[in-house]
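FYI, it's all coordinate maths here, none of it is from the lab. Everything quoted here is computed from the prediction, not taken from an experiment. Heads up, the Cβs are rebuilt from the backbone with ideal geometry, glycines too, and the neighbour counts pull from every protein chain shown.
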Amino acid sequence: MTPLTATALGTLDTHEADGLHRVISLCLHDDHDEDGVYAYWLVPGETYGLAHDGVTWTVTGGAWTEPGHTYRLRRAGHPAMSVPTLHGDESLDPDHTYQTHHGPEGWELWRHNT
């Protein structure tokens, strides 16, 4: 089996409030909760995965998520196709999965290489 490698893509453009972080212009929508829209969802010390499920980008990870729920990445009420980084928008490729965690410079975005 070939080990999984990753490429650093940059630092997400985020805002912090009360110890929680949000990615600028993005939110999560919980498919199982009509009112479930989360703006501040990044918690330092936790790692999150981004994967395309054939419909939209989904986010996994974090102690606050509920098993069996699907959290979809949204921008202005529509499926997100990119994420904002400090150097501009980074397009997400459905053929790859991504990971973000809090590092020394902020929330780092990594693309898993296949």
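Positive end of the dipole of the chain (Cβ unit charges, origin at the Cα centre): among P44, V83, T7, the Cα lying farthest that way belongs to T7. Residue exposure proxy: L9, L4, ordered by other Cβ atoms within 10 angstrom of their Cβ from fewest to most, comes out as L4, L9.
Rounded is the label for the chain, because a/c, from the alpha-carbon gyration tensor with a ≥ b ≥ c as root eigenvalues, stays below 1.5. Put a plus charge on the Cβ of each Lys and Arg, a minus charge on the Cβ of each Asp and Glu, and nothing anywhere else: the dipole of segment 19-114 about its Cα centre is then about 200 debye.
Close amide H pairs (under 5 Å, H built 1.01 Å from N) link G36 with D30, residues at least 5 positions away or on another chain. In percent, rounded to a whole number, the relative contact order of the chain is 34, using alpha-carbon pairs under 8 Å and six or more apart.
Checking every one of the GluC sites (Glu not before Pro) in segment 1-93 against DSSP loop status and a limit of 16 other Cβ atoms within 10 Å picks out E34, E46.
Sorting T14, T56, T100 from the fewest to the most surrounding beta carbons within 10 angstrom yields T56, T14, T100.
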